[in-house]
Amino acid sequence: VADNHPRKASRDDYVDDLLQKTLSRDIMPIAIQPIYQAVTNKIDSLDVLARLYGNEGDQIPSGELFAAAARRNMVDRVDIGALFSAGKLAEDYGETYFTKTGITSESIRLSNVALRDPGFVDNVKKFFEKYSLPKSYLHFIVEHSLLSDYRQDMKTIMDALKEFGIVWEINGVNEDNCSLDELKAMGLMDLRTEMSFISRAVNNQNDYQIC
């Protein structure tokens, strides 16, 4: 039976090296995903996704990117890199572009590593010192599963950024994994959820207030 471990080790080393070289340039490549709002029939926000590219310009799968970041203790640097790349994007396009298109925000998905790092709040403040954007322009996406596992550790950082003016979005909310009382207590503004969850909430008078 062939031993595939050397090949895997070689691939891991290759991706690790790519990531280190990319982050040494203090910029993280990003992909932009427009978010369509069915209610308004418009695109009003952009999701910002960290990306890593190989020596031939090929995209490294996201799973390999974040596995390399975890191996090298660089997950927080990937998050921060994507954050500042989003700011540069907004600066490059300029205010006129966003006014004409109606785009009002960029959303960045965060890892539990960034949200447990006390220095992350300072990095966000540095972001707004560098880029002249309204604080409501920046949204942070957090997976609901992370909140369930790390809520107490993250609470101080999330509260500080919410007070600073940052909008939070919770992704992955559904009927099976979420307490409405929990969401109300957090006071987070935006939910990314399944229609069944909303249907259940609006049909329940006690839950209607969060919708």
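Which FRET efficiency value, to the nearest 0.05, do you get for Asp159 and Asp92 by plugging their Cβ-Cβ distance into 1/(1 + (r/R0)^6) with R0 = 41 Å?
Values: r = 32 Å, r/R0 = 0.78.
The pair Asp159/Asp92 has a calculated efficiency of 0.80.
Could you work out how far apart the two model spin labels at Thr99 and Glu129 are, taking each label as a point 7 Å from the Cα in the direction of the beta carbon, and quote it in nm?
2.9
How big is the antiparallel share of DSSP beta bridges in the stretch 1-107, given as a percent to the nearest 5?
Here the share of antiparallel DSSP bridges comes out near 75 percent.
Dipole of the stretch 44-116, Cα-centred, from +1 at each Lys and Arg C-beta and -1 at each Asp and Glu C-beta, to the nearest 20 debye? Before the final figure, lay out each step's value.
Working: 8 positive and 11 negative charges, 68 e Å.
With only Lys, Arg, Asp and Glu charged at Cβ, the dipole is about 320 debye.
For a quick check of understanding: with a 1.4 angstrom probe and all protein chains in place, what accessible area in square angstrom does Ser136 have, to the nearest ten?
Counting only protein heavy atoms, the figure is 70 Å².
Residue by residue through the stretch 83-95, what is 3J(HN,Hα) from phi via Karplus (6.51 cos²θ - 1.76 cosθ + 1.60, θ = phi - 60°)? Round to whole Hz and write x for glycine and proline.
Couplings: 4, 6, 5, 5, x, 5, 4, 4, 5, 5, 6, x, 4 Hz.
Given R₀ = 41 Å, what would the calculated FRET efficiency be for Ile32 paired with Ser10, taking r from the Cβ atoms and rounding to 0.05?
0.80
Enumerate the lysines that Lys88 could reach by cross-link, defined here as Cα to Cα under 16 Å, with residues fewer than 8 away along the same chain left out.
Hits, sequence-local ones excluded: Lys125, Lys126, Lys130, Lys135.
The values are calculated or read from the model by the stated rules, or taken from the named source; none is laboratory data. Keep in mind it's a predicted model, so treat the numbers as computed, not measured. FYI the Cβ positions are ideal-geometry reconstructions off the backbone, even for glycines, and counts take in every protein chain you see. SASA here: full protein model, heavy atoms, side chains in, ligands and nucleic acids out. Shrake-Rupley method; radii C 1.70, N 1.55, O 1.52, S 1.80 Å.
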